[in-house]
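Have a look at the structure below before the remarks.
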Amino acid sequence: MSDLRDSFFQECDDLMEVLNDGLTALDEGDCDPETINAMFRSVHSIKGGAGAFGLDALVGFSHAMENLLDDVRSGAVTPNAQVTSLLFVASDHLSDLIDHDREGTTADMSRAEAILNDLRNLSTAPAPAAPGELSAEEQEAAAAFQPLVLDLGLDLGPDIGADPGADPDPALTPAPTPGPHPGLDADLPDLGPFRDDGAARPMVITFSASEDLYRTGNDPALLFRALKALGDLTVTADDSQLPPLAELDAATSYLTWRLQLDPAEGVTPDTVEGVFEFVDGICTYDISDAPPVICEPPAAASPDAQPPAAAQPAPDTPAAPPPAADGPASSGASSSRSSASSRSTIRVELHKVDRLINLVGELVIGEAMLRQSMSEQGLTSHGEVDVAMGQLRQLSGFLQESVMTIRAQPVRGLFHRISRIAREAGREAGKSLKLVTVGEATELDKTVTERLTEPLTHMVRNAVDHGLERPENRIEAGKPERGTITLSAAHRSGRVLITLSDDGGGIDRARVRRVAEEKGLISPDDDLSDSDIDNLLFLPGFSTNAEVSKLSGRGVGMDVVRSEINALGGRVSLQSQPGEGTTVTISLPLTLAVLEGMIVTVAGETMVVPTSALRETFRTDEAAIHDFGADARVLAVHDGYVPIVDLGAALGFREEPDTITRQSLLLIENETGERTALIVDAIQGQHEVVIKGLEQNYHQVPGIAAATILGDGNIALIVDTDQLMSSQPPVTRAVADKPAEVPFRSAQACPAQ
Amino acid sequence: MSSTMTEPQTASPEHSATDRAGDDLSEIVTFAVGKQGFCIEIEHVLEIRGWTKTTVLPHAPDYVVGLMNLRGTVLPVIDLSLRLGLGKTETTPRHVIIITHVQDRTLGLLVEAVSDILSVRDGEMKPTPDVASPQTRAFIRGVYSVAESLVRAIDVHQVVPKADGLAA
């Protein structure tokens with residue numbers, strides 16, 4: 001039962017997502033009937049499932065919501081702004097109710113009453129639904145929410161078997177191949193919640209008898225007669241295997257039957273199965289739904305390969321298979337599980353995926369080790385070895401890529417949560433706002449998505465609370481009364497950028513500066529640029545709001561956002577235009593597990609520079625390097641000059657070299673477009689490396705993002721280029737005599753970067 | 001074990017009822033650092049490995065020798081001699097690393113040589129003599145007398161490098 005409940009609540013999450021998608025579309029003026037239908041169906045399914053589990057509060061509430069949606073669908077109610085916003089509120093509450101029921105806690109009924117009243121006032125349906133209508137719907141909906149029942153039916157062997165298992169010659173009857181693994185086919189339709197539970201659906205039964213069946217005195221005709229008692233039966237015999245008369249062996253079974261049964265009321269697949277109970281093991285039979293009832297055939301399977309060819313004997317059949325049919329029968333059995341699955345998704349425990357990812361990571365390391373030792377042995381020049389190694393490398397690359405995509409999921413769910421928070425924040429702050437989301441389909445590692453909720457929540461509250469002006473001030477400034485907050489996600493050069501921008505008043509820099517001075521974070525004579533001042537917001541404990549507001553003044557500031565994002569390997573930056581708004585940009589790695597990096601050597605150490613930050617490489621003896629001042633150098637690139645930093649010195653491995661000879665320069669760029677050229681001793685090549693965090697056994701190291709294990713088993717550190725740049729003032733050689741203290745001043749110690 | 005640290009040392013000869021806990025047997029791994037004998041409780045020891053070259057960690061305290069790869073796990077190695085104020089270890093292939101697990105972290109302790117595994121009664125541990133230097137004392141829980149030699153019991157929790165002083 002708890003399994004059923006769990007799957008109900010999981011379905012609810014999906015359904016809520018559909019509902020939210022629909023609402024967002026509706027809010028944007030898209031009144032496509034299909035959208036409204038989809039929303040209606042979602043709420044209806046939630047209601048049905050809730051009814052099945054006796055979750056009365058949920059049933060009542062979703063019923064009221066359903067009525068309103070039905071009115072919208074029928075055109076009795078126009079989906080104007082009032083209706084949409086009520087639906088938003090109701091959907092938020094519905095989601096709360098679901099959460100409460102999931103946790104087994106009680107929801108705040110007073111709030112529900114208010115929303116219910118609003119819903120009833122708007123909808124034309126009678127407040128308590130007519131009993132007859134309700135119960136009919138209830139039943140239908142309850143049935144719609146029994147995925148387990150559906151699965152059970154399938155497990156019992158609903159797919160048809162055309163497996164002529166009794167045929168003595170396996171060569172004549174190739175093992176049934178049910179398409180390319182239908183169970184693994186991601187395109188299989190999700191029959192899930194909207195499918196009726198079909199006890200009384202037409203079924204197709206394929207039946208073939210083994211010699212033993214006849215030998216033990218059974219007769220197929222008797223079985224068919226028994227089946228006929230269960231409903232309308234059409235029997236077709238397949239005599240295609242029948243040999244010419246001269247070759248006919250009287251003791252061999254050649255015939256296969258295809259039976260279409262239109263079962264009478266109350267006949268379940270179990271009942272049908274019962275007919276075959278006494279011939280179990282001496283015949284091969286399969287029971288499945290008749291083709292027209294099966295929704296969409298899998299795209300990958302050819303149409304005629306559908307039910308009849310998606311063969312599989314009933315799971316228990318092979319227990320005592322007819323001797324001659326051993327081959328085909330067992331191969332048919334092996335495919336039974338996969339063809340029984342009709343869902344397009346499976347839920348897998350995360351740790352299993354993680355284990356797989358770790359193993360693939362080790363495989364990639366192993367492959368690299370093999371490649372390295374082969375090149376040391378001089379084996380790579382041999383053609384065949386080379387080809388095989390190339391194949392292995394490609395395959396392990398594909399494998400890794402595929403495994404990584406398992407964890408990736410669209411940010412849609414996260415965005416919905418954030419939109420909801422924005423709506424609530426707007427209500428609490430008395431500000432009318434619209435949240436626009438862009439790029440919801442952008443995929444991101446699941447862990448990253450989960451851990452983004454908190455920082456984004458805080459950011460969106462900030463945007464509502466501090467970013468957007470009060471409605472009267474907005475009108476005064478000539479802006480629409482309703483503020484707009486845009487939340488977008490996009491891929492950009494191997495990273496995911498998430499931006500949250502508002503069209504508010506921008507950062508009040510004078511005030512930020514004043515507050516920072518009052519709090520002693522900066523001194524009044526610090527010379528700060530605009531972006532320096534904006535970055536003060538990221539300092540711990542900084543809060544500009546004079547009266548601590550209910551929304552965002554909770555003792556956590558943007559510094560928490562920054563440290564959360566940093567912990568994910570991401571970066572936060574902030575741009576603000578006075579009077580036009582503020583944009584906060586989060587840049588995140590696509591995955592937490594692998595990284596494409598340039599392997600370099602510095603001061604005898606091997607290090608990895610992430611290629612996502614890398615723009616260009618130069619040879620020092622060919623590059624245009626100019627001394628700058630007493631102790632700095634710059635590199636001339638086509639559009640300007642870039643400071644040069646010695647990576648070894650920056651990490652405290654060595655003193656800044658006086659002269660640069662025969663070394664390499666890596667031009668790196670951070671998210672905001674700032675560039676720095678890093679001096680390294682040599683570039684070894686580009687590799688994909690598996691990230692091994694340092695926090696587990698040690699702690700974060702400034703300037704180092706993580707470690708990795710190289711092909712030879714040695715550890716190489718992965719350089720955190722952004723941190724290296726942001727904490728590395730361009731000119732630092734003045735303190736080069738104390739290398740250990742030079743490079744990394746944290747944001748706290750150095751607010752003005 | 002923590003109870004024995006606060007227990008008065010008069011307990012063991014008297015065999016009073018209160019020192020029953022002190023009779024519990026525990027196993028210790030003894031090893032040499034800077035020609036002196038030390039030990040840690042065996043439950044902290046995962047395995048013992050020969051010295052291999054480590055990867056230097058930037059901005060690490062001097063007693064953190066670097067990072068080593070233990071079958072895919074990256075862990076820091078600590079020069080126990082330097083940590084105890086006994087001078088930097090000049091590593092040779094004969095040095096060993098004791099892989100320890102403490103406070104949910106795995107780390108390597110670089111020592112000269114592992115000597116033995118001994119069973120001791122908790123009550124046999126004596127308080128650290130006052131003569132030890134403060135730096136050493138901070139890492140020593142107490143001492144055992146084993147076959148006329150002195151074995152210093154290391155408090156592994158104190159040896160773990162702390163993250164303080166670093167930016168988050």
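Residue check: A:A408 meets all listed conditions (1) touching an Asp or Glu at 6+ places or on another chain (Cβ under 6 Å); (2) surrounded by fewer than 15 Cβ atoms within 10 Å (Cβ to Cβ) but one, namely (2). Looking only at residues that are out of contact with any Leu (no Cβ under 6 Å at 6 or more places or on another chain) and of a type outside the set (D, E) in region A:624-634, which one is surrounded by the fewest Cβ atoms within 10 Å (Cβ to Cβ)? Here the answer is A:A630.
Taking the conditions (1) modelled with pLDDT of 80 or more; (2) surrounded by 20 or more Cβ atoms within 10 Å (Cβ to Cβ); (3) within 14 Å of chain B (Cβ to nearest Cβ) in turn, A:M558 satisfies each one other than (1). Among the residues in region B:124-147, are any in a strand (DSSP E or B), within 20 Å of B:W51 (Cβ to Cβ), open to solvent by 20 Å² or more (accessible area, probe 1.4 Å) and among the aliphatic types (A, V, I, L, M)? No.
Going through (1) open to solvent by 60 Å² or more (accessible area, probe 1.4 Å); (2) over 30 Å from A:H416 (Cβ atoms) one by one, A:V515 falls short only on (1). Quick check: anything in region A:702-710 over 27 Å from A:N535 (Cα atoms), at pLDDT 80 or above and touching a Ser or Thr at 6+ places or on another chain (Cβ under 6 Å)? No. Only a single criterion out of (1) away from chain B (no Cβ under 14 Å); (2) closer than 30 Å to B:T106 by Cα is not satisfied by A:A677, namely (2). Exactly one residue out of A:A624, A:A682, A:A650 is more than 40 Å from the chain's Cα centre (by Cα) and at pLDDT 80 or above: that is A:A624.
Take the residues in region A:683-715 that are part of a strand (DSSP E or B) and facing chain B (nearest Cβ under 7 Å), then tell me which one is nearest to B:V77 (Cα to Cα). It would help to see each step written out before you state the result.
First, the residues of region A:683-715 that are part of a strand (DSSP E or B): A:683-690, A:692, A:701, A:704-709, A:715.
Filter once more, so that each one left must be facing chain B (nearest Cβ under 7 Å): A:692, A:701, A:704, A:707, A:709, A:715.
Working: A:K692: 16, A:V701: 15, A:I704: 17, A:A707: 15, A:I709: 16, A:I715: 13 Å.
Result: A:I715.
Mind checking which strands (runs of 3 or more DSSP E) fall wholly inside region A:579-664 and carry at least 3 residues that are in contact (Cβ under 8 Å) with a residue 12 or more places away in the chain and touching a Gly at 6+ places or on another chain (Cβ under 8 Å)?
On the way: elements: A:581-589, A:594-602, A:605-610, A:614-619, A:625-628, A:632-637, A:640-646.
Per the criteria, A:581-589, A:594-602, A:605-610.
Does B:P58 satisfy the criteria of being farther than 12 Å from B:G108 by Cβ and either within 14 Å of chain A (Cβ to nearest Cβ) or open to solvent by 40 Å² or more (accessible area, probe 1.4 Å) (or both)? If you could, list the steps in order and put the result at the bottom.
Details: farther than 12 Å from B:G108 by Cβ: yes; either within 14 Å of chain A (Cβ to nearest Cβ) or open to solvent by 40 Å² or more (accessible area, probe 1.4 Å) (or both): yes.
Yes.
For the residues A:V77, A:V83, A:V72, the requirement of being part of a loop (DSSP other than H, G, I, E, B), on the phi < 0 side of the Ramachandran plot and open to solvent by less than 20 Å² (accessible area, probe 1.4 Å) singles out A:V77. One residue is enough: does region B:88-97 have a residue meeting the conditions more than 14 Å from every other protein chain (Cβ to nearest Cβ), outside any strand (DSSP E or B), open to solvent by 30 Å² or more (accessible area, probe 1.4 Å) and of a type in the set (S, T, Y)? Yes: one or more hits. The number of residues in region A:231-257 that are assigned to a strand (DSSP E or B), touching a residue at least 60 places away in the same chain (Cβ under 8 Å) and open to solvent by 30 Å² or more (accessible area, probe 1.4 Å) comes to 1.
Which members of region B:110-121 meet the condition of being in contact with a helix residue (DSSP H, G or I) (Cβ under 7 Å, 6 or more places away or on another chain) and surrounded by fewer than 20 Cβ atoms within 10 Å (Cβ to Cβ)?
First, the residues of region B:110-121 that are in contact with a helix residue (DSSP H, G or I) (Cβ under 7 Å, 6 or more places away or on another chain): B:110-111, B:117, B:121.
Correct list: B:I117, B:R121.
Exactly one residue out of B:L107, B:L67, B:L80, B:L75 is under 16 Å from the mean Cα position of the chain (by Cα), open to solvent by less than 10 Å² (accessible area, probe 1.4 Å), facing chain A (nearest Cβ under 10 Å) and modelled with pLDDT of 90 or more, and it is B:L107. The residues of region A:463-487 that are assigned to a strand (DSSP E or B) and crowded, with 19+ Cβ neighbours inside 10 Å, listed by number, are A:G483, A:I485, A:L487.
Would you confirm, using the coordinates I've provided, whether B:P161 is closer than 19 Å to B:G50 by Cα, in a loop (DSSP other than H, G, I, E, B) and not charged (D, E, K, R)? Spell out the reasoning first.
Details: closer than 19 Å to B:G50 by Cα: no; in a loop (DSSP other than H, G, I, E, B): yes; not charged (D, E, K, R): yes.
Taking the combined requirement at face value, the residue does not satisfy it.
The values are calculated or read from the model by the stated rules, or taken from the named source; none is laboratory data. Every value quoted in this text rests on a predicted model; they were computed, and no experiment measured them. No Cβ is skipped: glycine too gets one built from the backbone with ideal geometry, and neighbour counts run over all protein chains shown. The protein model used for the area step is the full one, side chains on, heavy atoms only, and it has no ligands, DNA or RNA in it. Shrake-Rupley method; radii C 1.70, N 1.55, O 1.52, S 1.80 Å.
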